[in-house]
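First up is the structure itself, then whatever we jot down about it.
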Amino acid sequence: MLSERAKKIKPSATLSIDSKAKEMKASGVDVISFALGEPDFDTPDNIKEAAIKAIKSGFTKYTPVGGVPELKDAIINKLKTDNSLEYDRTEIVVSCGAKHSLYNAAQALYSPGDEVLIPAPYWVSYPDQVLLNDAVPVIVDCREEDLFMVTADSLKEKITKKTKAVILNYPSNPTGYTYDKKTLEGIAEVALKHNLFIVSDEIYEKLLYDGLTHISIASIDKEVKKKTIVINGLSKSHAMTGWRIGYAAGDKSVIKAMENIQSQSTSNPTSISQKAAIEAMTGQQETVSIMVKEFDKRREFIVKELNEIPGVSCRRPQGAFYAFPNIKAHLGKSVGSRKVADSSDMAMYLLEDAAVALVPGGAFGMEGYIRISYATSMEVIKEGLNRIKKALKALS
Ligand SMILES: *Cc1c(COP(=O)(O)O)cnc(C)c1O
């Protein structure tokens with residue numbers, strides 16, 4: 001018999017849709033995938049070279065559990081320059097991806113029965129990571145009118161004596177929206193008043209458009225910083241999803257607990273990837289801006305095209321590489337004997353009938369929407385949108 005814990009959780013929805021799409025591809029179907037959340041760009045050469053050098057020079061053994069000092073210093077420097085945040089080495093822990101950092105934070109912070117506030121739409125792993133600690137995910141529904149972002153007032157309504165933390169993600173996966181300073185201040189005020197931890201997932205920080213700059217909630221003041229665990233990583237900003245490097249910054253006591261948990265589970269993140277990460281953070285940053293420029297072009301195109309499809313409306317995302325169009329006008333319709341009742345039916349219909357893979361809003365806790373990743377070439381985007389348009393037209 002499996003443990004109660006193992007029975008409670010489900011596989012990541014984004015990863016399972018992608019594997020179904022891959023199966024179809026393997027059987028010869030020309031599937032277009034808008035499902036996956038990773039840049040389509042290759043890892044920059046200077047980063048690869050640093051990894052090759054690490055291998056050749058024999059940097060292939062255990063390192064300190066929470067990362068080598070040189071990488072911690074690069075992270076400290078980044079947090080200072082980009083986010084006006086001051087940390088020392090005891091306040092940083094490097095893990096096997098930001099997802100691992102989030103997992104360690106969950107393990108360090110949540111006890112059985114604790115309630116954790118998760119604004120919806122949310123990144124798919126947050127509720128399951130809470131459940132893995134026998135804590136209770138409390139979903140706070142956001143509205144499209146508020147650009148899908150949580151407000152201080154709606155958080156307040158869900159707070160009880162058991163509330164332990166709130167998880168924020170900005171720029172957001174799946175919506176691409178981010179918080180302005182005033183909203184962050186309002187959220188921080190509520191969190192401090194109720195002594196909540198703030199887990200702040202800022203992995204899309206570098207992917208912002210229209211000249212917007214990222215503000216970390218931890219930078220509001222010292223008190224907020226003390227209660228915040230900043231989560232970040234290199235997967236999205238430096239096209240390094242396979243290298244598995246992420247990190248957390250926060251109060252020494254929390255970081256130490258996260259490091260202890262890591263020392264009893266994975267030990268250090270890969271030595272070679274750590275060397276690559278140092279180069280990613282301290283080497284040229286031009287490839288980041290090239291990537292952002294290209295994403296921006298696709299964003300403009302995809303939003304314009306989506307809004308021209310009857311029954312679809314899409315607001316202009318501010319960051320990340322996702323569009324989150326409203327498809328409510330098409331739900332409840334049918335084609336033949338197939339009824340498309342909700343976003344999951346829609347995703348399945350588009351995959352099976354139009355060979356387009358994307359993630360239903362329901363997977364992010366928000367019905368009536370679909371997530372389209374534009375981390376794919378312009379040609380693929382064009383063809384995929386044509387297929388969606390045709391498939392939606394067939395519904396009545
Ligand atoms: C991709 C992603 C992560 C995980 O990134 P890794 O560093 O590859 O583990 C975390 N949070 C959000 C919101 C993401 O989209």
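The values are calculated or read from the model by the stated rules, or taken from the named source; none is laboratory data. In this text, all values refer to a predicted model and were calculated from it rather than measured experimentally. Cβ coordinates were reconstructed from backbone atoms using ideal geometry, including for glycine residues, and neighbour counts include every protein chain displayed.
Inspect all residues belonging to region 146-164 and state whether any of them is without any contact (Cβ under 8 Å) to a residue 40 or more places away in the chain and among the basic types (Lys, Arg). There is at least one residue in region 146-164 that is without any contact (Cβ under 8 Å) to a residue 40 or more places away in the chain and among the basic types (Lys, Arg).
The set of residues in region 33-84 being hydroxyl-bearing (Ser, Thr, Tyr) and surrounded by fewer than 16 Cβ atoms within 10 Å (Cβ to Cβ) consists of 57, 60, 62, 81, 84. Being away from the ligand (no atom under 15 Å from the Cβ), aliphatic (A, V, I, L, M), crowded, with 24+ Cβ neighbours inside 10 Å and assigned by TED's automatic domain parsing to the domain that holds residue 204 is a condition met by at least one residue of region 101-116. Which residue, of 283, 250, is under 26 Å from residue 60 (Cβ atoms) and not basic (Lys, Arg)? The unique qualifying residue is 283. Selection of region 286-330 for residues being β-branched (Val, Ile, Thr) and over 23 Å from residue 391 (Cα atoms) yields 287, 288, 290, 292.
Only one entry in 38, 49 is touching a residue at least 60 places away in the same chain (Cβ under 8 Å), within 16 Å of the ligand (Cβ to nearest atom) and charged (D, E, K, R), namely 38. In region 288-297, is there at least one residue being surrounded by 20 or more Cβ atoms within 10 Å (Cβ to Cβ) and in contact with a helix residue (DSSP H, G or I) (Cβ under 8 Å, 6 or more places away or on another chain)? Scanning region 288-297 turns up no residue that is surrounded by 20 or more Cβ atoms within 10 Å (Cβ to Cβ) and in contact with a helix residue (DSSP H, G or I) (Cβ under 8 Å, 6 or more places away or on another chain). Picking from residues in region 85-100 that are among the hydrophobic types (A, V, I, L, M, F, W, C) and within 13 Å of the ligand (Cβ to nearest atom), the one that is surrounded by the most Cβ atoms within 10 Å (Cβ to Cβ) is 94.
Among the residues of region 210-227, just one is within 16 Å of the ligand (Cβ to nearest atom) and among the polar types (S, T, N, Q), namely 216. Of the residues screened, residue 327 is one that is touching a strand residue (DSSP E or B) at 6+ places or on another chain (Cβ under 6 Å), within 20 Å of residue 17 (Cβ to Cβ) and more than 16 Å from the ligand (Cβ to nearest atom). Taking region 236-267 as the range and being of a type outside the set (Val, Ile, Thr), within 16 Å of the ligand (Cβ to nearest atom) and surrounded by fewer than 22 Cβ atoms within 10 Å (Cβ to Cβ) as the test, the residues that pass are 237, 242, 244, 265.
With respect to residue 161, is the statement that it is among the basic types (Lys, Arg) and either under 12 Å from the mean Cα position of the chain (by Cα) or within 24 Å of residue 316 (Cα to Cα) (or both) true?
No.
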